[in-house]
Amino acid sequence: MKEHLQGRIERVVLLGAGNVATHLGRALQQAGVQIVCVYSRDVRNASALAAIVSAQAVDSVENLPDADAYIFAVKDDALPSVVAQVASQHSNRCFIHTAGSVSLAVFGEEVWDAAVMYPMQTFSKQIAVSFAGLPIYIEATNDCTLRRVEQLALSTGAKVTPLDSERRKYLHLAAVFACNFANHCYALASDVMEQAGLPFADLIPLIETTTQKLRTTSPVAGQTGPAVRGDKRVQQAHCRLLAENPVAQDIYKLLSQSIYLKANPAQGFQNCTEAQLIAENERLGTAEVAPQTNRQPSMINYDLTKIKGIAFDVDGVLSSNLVMLDGSAQPVRTANIKDGYAMQLAVKKGLNLAIITGGKSEAVRQRYVNLGLQNVFIGVSVKIEIFKQWLEESGLQADEVIYVGDDIPDYEVMRMCGCSCCPADAAPEIRAISTYVSDKAGGMGCGRDIIEQVLRAQGLWMSDAEAFGW
């Protein structure tokens, strides 16, 4: 039976010459570990790092010398093939990879002494990084190898923590949010500063203070800005400044919605019936800002003065995408008080409102009947036929109607209606065909947003005493 390797890891082959390999190679060399060889498919890259760590450079795994350990710091996608090639010659040695999201199982059964040594840090070749106190997470196929790799990692001055592959995936995901995505936001901020002729360096004190604040305050508690305040006027103004960059605009809207939802989580409804939940929503309302009579007349690119009817899906539009299940596994939906106010006002002003939903909840039917809607269709499996029926019976033309949906069952109707609208978190296929994408997510007031724009365009918003009652 094969015995596991013993003793200190003193001689190492580095496979890879990128950012991680460069900084790890330097740290190991400074710790007294001999880097005997650097491998890269591009010999120029291998030679550049080899010159720094006093090693041999090769561009073929067939030319790798013998060593105590082989450290794989290549791209995640390339890892399985490179491991397989090296294992064909050196499977009796210790194999270590540095990837955050790749399982230890990538080494297969042929390699007995395998490990992970994941340094959680952002690395750029030109910027020095100290390993003193740097978190390194390790895992191994056996206790003996784990101790050897722990000793190797500790030699760099790092803070070493054992962590299994499954939890390391979550760690890596968190690191992507905290580092990669945050850095991309800096890049977007740099574009905005450049557009205004301002230096990005002016933002550095703000960035440093925000980071420093995390040492004493949680990210949620420390959140500031227009999104957490629900300041829609500022957010809409920002979106207009991003009109020429729709991707950045979408990122802005999604992040703003996420910030708002994180700061205002729904609580206390786990054991409510659906009717109780709707009633509680009516009583509490939402944490949005008060109506603003000076907002833009319309952000919907359509002649809203011709609109005579609006039809809504429920789940994901007037109710959140996330639903709780009651004791009989039935979905428990939320309802938005501001949607309700706008809908009853629209009915009073003569708009023909309809509900077309696949859900079969009688509580949902009763809610919208109570708001004055005469056309509430529930349990609809194919919406296009009911939509056509509603148009015919109401004497409406398709170009006089808005339909608000969020997912594939709404697709056909949204292609037929005059003006198609959707919430911020609608499916990509629906967003792509929508005349207007609200900056509000499903269940968070997108119905109010759309109705308000229609009534404003028609001069019916806060136009008389009817606006001040239910």
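Some observations on this one:
- Residue that is surrounded by the most Cβ atoms within 10 Å (Cβ to Cβ) [pool: residues in region 191-218 that are farther than 20 Å from residue 262 by Cβ and among the polar types (S, T, N, Q)]: 195
- In the condition set (1) modelled with pLDDT under 95; (2) touching a Gly at 6+ places or on another chain (Cβ under 6 Å); (3) not acidic (Asp, Glu), residue 361 is compliant with all but (2).
- When region 371-390 is limited to residues that are closer than 20 Å to residue 447 by Cα and over 37 Å from the mean Cα position of the chain (by Cα), the one that is surrounded by the most Cβ atoms within 10 Å (Cβ to Cβ) turns out to be 390.
- Filter pass, residue 122 being part of a loop (DSSP other than H, G, I, E, B), touching a residue at least 12 places away in the same chain (Cβ under 8 Å), within 22 Å of residue 34 (Cβ to Cβ) and among the hydroxyl-bearing types (Ser, Thr, Tyr): no
- Whichever residue in region 445-470 is over 37 Å from the mean Cα position of the chain (by Cα) and among the aromatic types (Phe, Trp, Tyr) and, among such residues, is surrounded by the most Cβ atoms within 10 Å (Cβ to Cβ): 470
- Condition met for residue 442 (touching a Gly at 6+ places or on another chain (Cβ under 7 Å), in the same structural domain as residue 306 (by TED's automatic domain parsing) and buried (at least 23 other Cβ atoms within 10 Å of the Cβ)): yes
- Region 120-141: number of residues that are more than 18 Å from residue 67 (Cβ to Cβ) and touching a Leu at 6+ places or on another chain (Cβ under 6 Å): 3
- Matching strands (runs of 3 or more DSSP E) fully within region 25-116 where at least 2 residues are touching a Cys at 6+ places or on another chain (Cβ under 8 Å) and assigned by TED's automatic domain parsing to the domain that holds residue 142: 56-58, 69-72
- Taken over region 89-115, the residue count meeting the criterion of being under 27 Å from the mean Cα position of the chain (by Cα) and under 17 Å from residue 23 (Cα atoms) is 3.
- Selected residue (criterion: farthest from residue 224 (Cα to Cα)) from residues of region 196-211 that are of a type outside the set (A, V, I, L, M) and part of a helix (DSSP H, G or I): 200
- Scan of region 30-70 for residues that are farther than 20 Å from residue 153 by Cβ and of a type in the set (Asp, Glu), ordered by number: 42, 59, 62, 66
- For region 181-190, the set of residues classified as exposed (fewer than 13 other Cβ atoms within 10 Å of the Cβ) and touching a residue at least 24 places away in the same chain (Cβ under 8 Å) consists of 183 only.
- Qualifying residue in region 445-464 (condition: closer than 21 Å to residue 251 by Cβ and touching a Gly at 6+ places or on another chain (Cβ under 8 Å)): no
- Candidates 148, 168, filtered to the one that is of a type in the set (Lys, Arg) and in contact with a Lys or Arg (Cβ under 9 Å, 6 or more places away or on another chain): 148
- Filtered residues of region 30-60 (kept if of a type in the set (A, V, I, L, M), surrounded by fewer than 17 Cβ atoms within 10 Å (Cβ to Cβ) and either within 10 Å of residue 17 (Cα to Cα) or free of Cβ contacts under 8 Å to residues at least 40 places away in the same chain (or both)): 43, 48, 51, 52
- Cross-chain or 6+ apart pairs with Cβ under 6 Å, region 210-232 first and of a type in the set (A, V, I, L, M), then part of a helix (DSSP H, G or I) and surrounded by 15 or more Cβ atoms within 10 Å (Cβ to Cβ): 227/256; 227/259; 227/260; 228/259; 228/263
- Residue match in region 164-182 (condition: touching a strand residue (DSSP E or B) at 6+ places or on another chain (Cβ under 7 Å), over 26 Å from residue 208 (Cα atoms), hydroxyl-bearing (Ser, Thr, Tyr) and assigned to a strand (DSSP E or B)): no
- Selection status of residue 414, assigned to a loop (DSSP other than H, G, I, E, B), under 35 Å from the mean Cα position of the chain (by Cα), crowded, with 18+ Cβ neighbours inside 10 Å and of a type in the set (A, V, I, L, M): no
- Within region 1-19, being aliphatic (A, V, I, L, M), surrounded by fewer than 23 Cβ atoms within 10 Å (Cβ to Cβ) and out of contact with any helix residue (DSSP H, G or I) (no Cβ under 8 Å at 6 or more places or on another chain) holds for one residue alone: 1.
The values are calculated or read from the model by the stated rules, or taken from the named source; none is laboratory data. The model shown is predicted, which means the values in this text are computed figures rather than measured ones. Glycine gets a Cβ as well: all are built from the backbone with ideal geometry, and neighbour counts include every protein chain shown.
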